[in-house]
Amino acid sequence: MPKRVELLEPQGDPDKAVVDYYRRLHGLPPSAMVWVCQHSCAEASIPDCDAMNCEAAMIVDPCDIDVVRRLAEHQDFAAFDGVVVRLRLNFGSDVVAEIQALAAGQQGLPELTCGGLACMASGSLLAFARLCALAAAAWLSSAACTALTDIEAALVWQFSSIAPTLLRQRFRDLRTDSEARGNVITLLARGDFPARALLAWEEPAPYARRKAALPTQPSANAGFGLWTDQGLCMGLTTSDLHALPGDLYGPTSRVVFRVDSEVADKVRKYCGTYASALPDARRDEAMLEVLAWVVREIGLPAVVQPVRRGDESGDCALPARFIRRILWAQPLGAFRK
């Protein structure tokens, strides 16, 4: 049975194709491939190693990968818009037709065509990121929504180092004064078990104690939500706040809002009060209540569709799905300078 989504182009290492395109834009040679193994052996010794348990592999230089992974935060999408991605879609022409109708009249999306038994989609990673975000459309059927999430999952699997930071995170500036430093409210979620869901902000105290100058941009270092510590817990935490989509055990959704300091202060106070008197309700319902309050407080319109029970894939998955819908509703963009 064929896969629902099959990658036809680029051939070879998809991540390397994107990294090499970025380096070509900046007048640099293609990225080098380097040897790695789980034992941290010296690179020069790996090719000749005959140990049975040495699972060595060649990967794209991690330093070059990391540069591209952080481009979306700075609204630098050129590297994601230059490599042609071609997919074979085994959804059925009716589902593809629905997606085509949804995308009609919108610019910068992949080209979808059907001929005979084959449906094809062709465009850049950036174009596919815009397409996958249409899964939030209220009138989209469940079959078409599943098709779009399958496309996203296939791209994340094939471009495992690069695609998650484009497809599964968003940045939005909600400050009333763009010159003020403000703060951040970051939403983090994992969609699989355990389905962690966290919201985080920057606590200024560590900088004050060290009498250090604040960084230009705030960075979340404290949070509240569902996290793991010998089981799934709910409360205040300083763990799991810095990982990016695509990191090992990293989030499957990351949304960063730059907000006024007063807004972050209200969120911090609310979470502190909530943590001191956690309700007896289900943890997922309690976390949904917190997330809904925060979404209203930071001034987002009511764009998130109700989260229904019945198809969640793991413990406390509803808050993670709620954060995913918030992500889909945000435009691809970055903080104002």
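Every number here is computed from the coordinates shown, using simple stated rules; none is lab data. A quick note: this is a predicted structure, and the numbers were derived from the prediction, not measured. FYI the Cβ positions are ideal-geometry reconstructions off the backbone, even for glycines, and counts take in every protein chain you see.
Pulled fully out, how much extra length does the chain show between S261 and A138, if you take 0.36 nm times their separation in residues and subtract their Cα-Cα distance?
Working: separation 123, 0.36 × 123 = 44.28 nm, distance 3.28 nm.
Result for the pair: 41.0 nm of gain on full extension.
Please state the Cα pair-distance histogram of region 57-97 with 10 angstrom bins from zero: what percent is in each bin?
21, 30, 27, 20, 2
Kirkwood Rh over alpha-carbon pairs of region 136-191, then Stokes-Einstein at 20 °C and 1.002 mPa s: what D in µm² s⁻¹, rounded to an integer? Display every interim value, and only then the final one.
Details: Rh = 14.2 Å.
The estimated diffusion coefficient comes to 151 µm²/s.
By average Cβ neighbour count within 10 Å, what is the ranking of 131-137, 242-248 from highest down?
Details: 131-137: 19.4, 242-248: 15.9.
By packing density, highest mean first, the sequence is 131-137, 242-248.
Inverting the mean 1/r over all pairs of different Cα atoms, compute the Kirkwood radius of region 5-167 and quote it in Å. Let's see the in-between values first.
Details: mean 1/r = 0.0575 Å⁻¹.
The answer is 17.4 Å.
With the cut-off at 1.5 for a/c, could you classify region 78-125 from its C-alpha gyration tensor as rounded, prolate or oblate?
Details: a/c = 3.10, a/b = 1.48, b/c = 2.09.
Here region 78-125 falls in the oblate category.
For region 5-167, what is the relative contact order in percent, using Cα pairs closer than 8 Å and at least 6 residues apart in sequence?
Values: 221 pairs, mean separation 42.9, N = 163.
Result for region 5-167 is 26 percent.
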